[in-house]
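The values are calculated or read from the model by the stated rules, or taken from the named source; none is laboratory data. Since the model is a prediction, treat every value here as computed from it, not as a measurement. Here the Cβ positions follow ideal geometry from the backbone for every residue, glycine too, while neighbour counts run over all protein chains shown. These area figures cover heavy atoms from the full protein model, side chains too; ligands, DNA and RNA do not enter into them. Shrake-Rupley method; radii C 1.70, N 1.55, O 1.52, S 1.80 Å.
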Amino acid sequence: MLGLRVIEWVSPAGEYAGRLLADIGFEVVKIEPPGLGSLSRRMPPLWDQSGEGVLHLYCNARKQSVTLDVSAPGGDHLLDCLLGRADALLMTSDQPVDPSELARRHPHLIIGVAQSFPPQGKWGTLPAEDLLIFAAGGLMYLSGEPEGEPVCAPGWQSYIVGGAQLAFAMAAAFWSRPDRGAGGEVVYVCYQAALAAQENVISDFEGRGHSTPRTGSQHRTAVPGRVYPCRDGFVHFMVSNAQPGSWERFLEFLGNPPELSDSRLKDAIYRREHVDAVDPVIERIFADKTREELVTGAQRRHLPCAPVQSLTDLCHDPHLLARGFLDHAVTSSGQSYPMPAPGIRLPDARDIPMRWAPTLGADNRVLKESADLDDTTWAALAAAGTVSK
Amino acid sequence: MTTAQPSGPLAGIRVLDFTHMVAGPYMTLQMAYLGAEVIKVESRRRIDGWRVRNGNRDVEMSWPFADHNKGKRGITVNLKHPLAAELIARLASRCDVVTENFSTGVMERLGLDDAYFHAVNPRLIIVHLPAMGRSGPRSDWVAWGPNLLAYTGFTHRWNHPGAAVPVGTQTSYLDYVVGLHGAAAVAGALLWRRRTGKGTVLELAQAGTAASLLGPLVLSTLLNGIEPPVTGNHHPAQVPSGCYPCREPDAWCALTVADDRAWARLARIIGGEAEDEAFRHLPGRLRHRKRVDALVRAFTRTQNREDLLSQLVAAGIGAAPVATGEDLAKDGGLSDGGYVTPVDHPKLGRRRFPGPAMRFVKTPLTQSRRAPLLGEHTARVLREVLGAEADELREWMACGLLE
């Protein structure tokens, strides 16, 4: 471990950032409301066995859990005690204490704040719902059928994007402030801005004078450049100008259909303009081939083609499995459960145990030690609803 | 607060950047935002493909390249020249990070493998961003970002429920998110280097990292033995929740009702059947989701998007626009917050680009600096970093090492 403690005080929108910090090697202690704990514990999909939310089980692996209601009697003081013994605070902007106030009280802290939207904007006070952030971020408009309803990405991607941005920012802040004596820092990450910076969405509008339209899975320049049905499923195929000679190899792969013999089709831009003539030929040829035939044949010719895989496919994918995609996490009682490997794996952090997400308040000793609480005081605080029993 | 000189938490960090296209440059862009000196290595024989993404003949007229390479310094080196490996080694000896996302084996064929770099600088953090990874049965596959969306489960899941054909997204979403993860990994590796004194080698295979981005849903599949249903725009525990058409063509509003009180407020706005007792509580709305959605849709279709959003937000109902590029370019919150700013470019003129999504209270970040022209800083970087004299530079130019 890095020997640095982060107190995590977040809504579900901030939990992925904390998970990445834990994967990097920070000790992450998560504050949860007494009683029901983090909302992510209850967000579906749920694990049938325990009824716990998978977002919680994934994002809160490797963390410790303490219960604390900061707004309850004595809660603010306990927060100060925790922060006094920590190096960083990861918080979402919907918490009831201003980050600048916490920075004043704890000048040594690195404070990372997740904001769903720019606070000075129209959406500044909106709840941090993934759907709303993702919609406002610009990528949802680009996703789905051209004439149909746009569709949001699966799996809380606004939390993933914003969380990765925030984990980077906080780690960078630690780099610039090597010890407590250097003083702390407050860094704000705007999740909508993090999404809006992607895909050249803004610069494409500035450059073309119109917004990039929705085109289904069709790539803006590549043809083939989308999902194609085949005999037993779907593949994604891409042939573009970025790979010299790829169109010729693709024609050979198709068996040199005469309908595609026009030499002008060699240029991807020309193909894109005539996609309605090109794609039906491809679809016809692909229709009676299997996913395996198409992918194997294409890759043998160094053509970018991949199967459209399901989550089940991922869990059995020989390449991903050979590369350690599936790991295990262990509970405090020694039970082992499967767990996908983290998004980043640092060699120096390889020996950090993959702990299963903690039960609520499993690590309340951290709070007790930070605040020097005896059992009597703890019981009184529990009776007041400030901590759990 | 911003400054003209490189400034930020990563000021003093120097990156030797061989990446191209999207994922790698987006990763090193984050570092440049935070003040790192990013030396972008190109070759006139092999430029960054994003310079010609739009089919433009003039490689300096690419706004997508200008977008993803802001604040970097550009050098051109013929990497296949017999003296190239030695020059690169000299540069690497003065760098903290080396990044690349070539196909597997390219760096090795250039004589620039990990052992070579660490021999000249054991403190280097070397970052590889291969599409499929540098090992494994499919490590030799050719795959671009959109292929990887299909391979990693995103295309299958990024759909409306019951879609006959998986459409997914046209975007290169994974390139960007893997880039962000790469940046976080580098920052983490710097912290570890401070403890250990040693560099490291990081490999973020886009396929593996991307599959982890669906980690919670993969975990659900592993634990429950069955994939969770595709939900599209629906929230499994909130009704209504989704994407609703407005009066204008192709204008949409995302809306989600967090609880029964929010529904009561929305139902009052919609009126009529929406205020039916059957929908008052969540269980009823869940049972009658289709009907509730139809009522909301019928209402939103009669409203201009801006009027609708104003009503909803004023009533405390979670709603946001499904933003287009134009919406984002003109978003007051993003502009006023400094997240979209003008940048001057010698060929493109003054353009608005997104900037860092991060704000540091105490540490000023470098003000928006433009992307480099091809080879713009070759001489200057070699003078400043290597102390190269004019004669040396002329010689390198004459022999074709520098372009």
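A few remarks follow.
- Residues being out of contact with any Ser or Thr (no Cβ under 9 Å at 6 or more places or on another chain), surrounded by fewer than 18 Cβ atoms within 10 Å (Cβ to Cβ) and within 7 Å of another protein chain (Cβ to nearest Cβ) - total across region B:323-380: 3
- Selection over region B:85-101 of residues that are among the hydrophobic types (A, V, I, L, M, F, W, C) and open to solvent by 20 Å² or more (accessible area, probe 1.4 Å) gives a count of 1.
- A single member of A:87, A:94 is at pLDDT below 95 and open to solvent by 10 Å² or more (accessible area, probe 1.4 Å), and it is A:94.
- Every residue from region A:270-293 that is within 14 Å of residue A:239 (Cα to Cα) and touching a Phe, Trp or Tyr at 6+ places or on another chain (Cβ under 9 Å): A:271, A:279, A:282
- Of the residues making up region B:47-83, those that are more than 11 Å from every other protein chain (Cβ to nearest Cβ), within 19 Å of residue B:380 (Cα to Cα) and either free of Cβ contacts under 8 Å to residues at least 24 places away in the same chain or not hydrophobic (A, V, I, L, M, F, W, C) (or both) are B:69, B:71, B:72, B:73, B:74, B:76, B:78.
- Some residue of region B:154-161 being more than 7 Å from chain A (Cβ to nearest Cβ) and either on the phi > 0 side of the Ramachandran plot or in a loop (DSSP other than H, G, I, E, B) (or both): yes
- Cβ separations smaller than 8 Å between residues 6+ apart or across chains give the following pairs from region B:21-36 residues that are facing chain A (nearest Cβ under 9 Å) and more than 13 Å from residue B:186 (Cβ to Cβ) to residues that are surrounded by fewer than 24 Cβ atoms within 10 Å (Cβ to Cβ) and of a type in the set (Val, Ile, Thr): B:35/B:366.
- Contact map, region B:380-397: residues that are under 14 Å from residue B:77 (Cα atoms) paired with residues that are in a helix (DSSP H, G or I), Cβ distance under 6 Å, separation 6+ or inter-chain. Pairs shown: B:393/B:379.
- Some residue of region B:19-36 being assigned to a strand (DSSP E or B) and of a type outside the set (Phe, Trp, Tyr): no
- Checked against (1) in a loop (DSSP other than H, G, I, E, B); (2) within 12 Å of another protein chain (Cβ to nearest Cβ); (3) under 18 Å from residue B:40 (Cα atoms); (4) open to solvent by less than 10 Å² (accessible area, probe 1.4 Å), residue B:126 passes all but a single condition, namely (1).
- Some residue of region B:177-198 being more than 8 Å from every other protein chain (Cβ to nearest Cβ) and without any contact (Cβ under 8 Å) to a residue 40 or more places away in the chain: no
- Verdict on residue B:255 being aliphatic (A, V, I, L, M), facing chain A (nearest Cβ under 9 Å), outside any loop (DSSP other than H, G, I, E, B) and under 23 Å from residue B:154 (Cβ atoms): no
A quick yes/no check of all residues on (1) more than 30 Å from residue A:267 (Cβ to Cβ); (2) open to solvent by 30 Å² or more (accessible area, probe 1.4 Å):
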position	(1), (2)
B:8	yes, no
B:11	yes, yes
B:18	no, no
B:36	yes, no
B:50	no, no
B:66	no, no
B:69	no, no
